[in-house]
Amino acid sequence: MGTEVLVVEDSATQAEALAALLRDARFKVSVARSGEAALEQLAVASFAIVITDIMMPGINGYELCRRVKADPRTCATPVLLLTTLHDPMDIVRGLECGADNYITKPYDADQLLARVRRVIDNSRLRPHGRTSMGVNIEFLGSTFTITSDREQILDLLLSSVEDILRANQALEVRQDQLTEAHDQLEAYAREKSHEAQRSTERYRALMRNASDAIFLLDTTGRILEANPQAAELLGRSVEDLLWRPLGSFMQASEDDAFGEWITLLRSNLSLPPEDRVLIRPDGSSRRIELSGSATQLEDEEFMLAVARDVTARKAAEEALRRSEEQLRQAQRMESIGRLTGGIAHDFNNMLTAIKGGTGLLLLDLAEDDPRRGELEEIDLAANRATLLTRQLLAFSRHQVLQPEIVDVNEIAANLQGMLGRLIGEEIDLQTRLTPGLGPVLADPGQLEQVVMNLVVNARDAMDDTGTITIATSRLDVVPEGTPDAESRPHIAISVSDTGSGIPAHVRDRIFEPFFTTKEVGKGTGLGLSTVYGIVAQSGGSLQVQSEAGRGSVFTVLLPEVAAGAGVSKRASPIAAAADSNASTQGWETILLVEDEESVRRLAARILRRHGYQVLEASGAIEARAHAQNPDTVIDLLIADLVMPGMNGRQLAGAIRSSLPGLRVLLMSGYSAEDVESRFSSSAAFPLIEKPFTPETFAQKVRDVLLGDALPADKP
């Protein structure tokens, strides 16, 4: 008998696993994948044992065992059957075919190796001349004859007893495991019962202490249970809510939508939270965010609905949205304002040359000169262009304002007669002025322009008839976004009309310069943009309410001036007339610095015509060279404010460091307020705004020369 083990297994995976197990135990192993292959190997080699699976195609394990035992050459080779023990007949058939032993699948590795060794050892201990005996077995109605030697039968019986003992041990272990599992199950049931009780308590606590309103609903949406927050949200008692449909407390238009929401919940579909409106007994409403889920307890279906009060949040979101819209509008208007301000500044330089040159020519021509007509037309066109430029400066908040403490009621009352003639008899002009209003700080002429533009705009929005109303009032609380809104009340001037209103798609553009919905030739598009700029430059704000077909209301809000506040007023008309009659002739030496050549030539011509000695410079380098000349005495520096390199204010400061007391006059197309914000300095100088006429320029020069040594007044 050989020393190798022959493994017969048709499953490659199981054959390799068994072979590896045997090789690890230091057995030599051969593998056959079928009964036929096993017989071929047994014909040419001897093996210590054959381990074969029972269930194989072709020659199965039983037939293989019979052939091994029937062949004189292999009859002494022990055969060990692999069986699943699904059927007790497996063992009986194995005994009948002469098997020496068996092992059940799945097998324990140590058990298999021990049984293999025992079968091999017992086989070697048996004498060659063995005594066989026949045993008849009656099993399940069939008779089986088992022929084998005594030792073989004893070995097989011992193995069976061993398996029975192992099975009993496993049964005892499983019984112990079952008992332990039963004890664990009882403990688990007790724990779950306690947890259920605690869960109920937690549920009640959650319902009581939740920040949101919680409803337990039946499948129709009726309220089975509600927490105190739900009752507070709906303005009712908990008892008043029970058995009433939750949808009945909602806005009437949302009742059907709530029914659809319940249907979706019952279908276990996931709805993001939805916005709903709840109506309280006092008629007030609450915006809620409603979410829910379906659940089932003891074969009964419920819905859990959670309502979060988002009234304040929605109001805040709406306020934020309006603020963001206002910010975007303000940023856009600011960008347009910077552009128009720059254009107006450059245009003022051109108009200064045109108006100044025209004015000088008119001074040189006789009254009956036929060329005067053409020059006067040029001057008239320049004046119209100047007005247009001033409107652009008003929008961009770069114009010159002369603010005073004024009474808005007085402004409105004084305009009533003129406005009536302006809009025509077909339009009914009404005033509703609130007496006793506090004053505001504003340029009265510009404020009149604001009211006039708004009234004209209202008239253009109506057909042949309608009503325009001018009203005044005092607001302690002003709309959000109003400048200085928290610190003081505002005075309101409103102009309302019964006209066509403003369509929503153009409402955000009505203050843009040159934007108009009127026909070509019937408007410049600067009326409302001028209003916007004047109000903003005066520290106020402008509110608009309008819908297409329902008229418009424009409201100007200006901060109220505290009682007793001192504000510089414009010079009186008598003083102004006296100044205009003063002589504008001079003899002093003037240093004129202007980078725009046409403006510089014009200003020099005007000054020389009035008797002044003029030193011209196109920039800071030439100007400082004149100032450093020891043979030159300079009485006045006239400089353009905006120049490349060093601006006029910086140049004035640099020259005055070596010529203290030097008088200075600055020229600019920007306003005095804009000069202060853009070109701030420790010293303040007089400013003349472009464009100017020869007369106003000469008068301003004379005023500065005859004024204080260090003038600080503003135009």
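The values are calculated or read from the model by the stated rules, or taken from the named source; none is laboratory data. Computed from a predicted structure; not experimentally measured. In this analysis, Cβ positions are derived from the backbone assuming ideal geometry, glycine residues included, and neighbour counts consider all displayed protein chains. The area values use the complete protein model at the heavy-atom level, side chains included, leaving out ligands, DNA and RNA. Shrake-Rupley method; radii C 1.70, N 1.55, O 1.52, S 1.80 Å.
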Do you know which residues across the range 386-415 are open to solvent by 20 Å² or more (accessible area, probe 1.4 Å) and modelled with pLDDT under 80?
L387, L388, R390, Q391, R397, V400, Q402, P403
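Okay, residues lined up against (1) at pLDDT below 70; (2) at positive phi:
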site	(1), (2)
P479	yes, no
D484	yes, yes
S494	no, no
T498	no, no
A504	no, no
F514	yes, yes
G521	yes, yes
L528	no, no
Y532	no, no
Enumeration of residues in the range 411-469 that are assigned to a helix (DSSP H, G or I), closer than 18 Å to T555 by Cα and of a type in the set (D, E, K, R)
E448, R459, D460
Restricting the range 307-349 to residues that are modelled with pLDDT under 85 and of a type in the set (S, T, Y), the one least open to solvent (accessible area, probe 1.4 Å) turns out to be T340
Any idea which of (1) at pLDDT 80 or above; (2) open to solvent by less than 20 Å² (accessible area, probe 1.4 Å) is the one E695 doesn't satisfy?
(2)
Out of all the residues in the range 77-135, which are open to solvent by 50 Å² or more (accessible area, probe 1.4 Å) and at pLDDT below 70?
L85, H86, D87, P88, P127, H128, G129, R130, T131, S132, M133, G134
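I'd like the residue in the range 424-477 that is of a type in the set (D, E) and in contact with a Pro (Cβ under 8 Å, 6 or more places away or on another chain) and, out of all such residues, is least open to solvent (accessible area, probe 1.4 Å).
Result: D443.
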Identify, please: which residue in the range 28-48 is aliphatic (A, V, I, L, M) and in a helix (DSSP H, G or I) and is, among those, surrounded by the most Cβ atoms within 10 Å (Cβ to Cβ)?
A38
Is there a residue being among the charged types (D, E, K, R), at pLDDT 85 or above and touching a Leu at 6+ places or on another chain (Cβ under 7 Å) anywhere in the range 287-306?
no
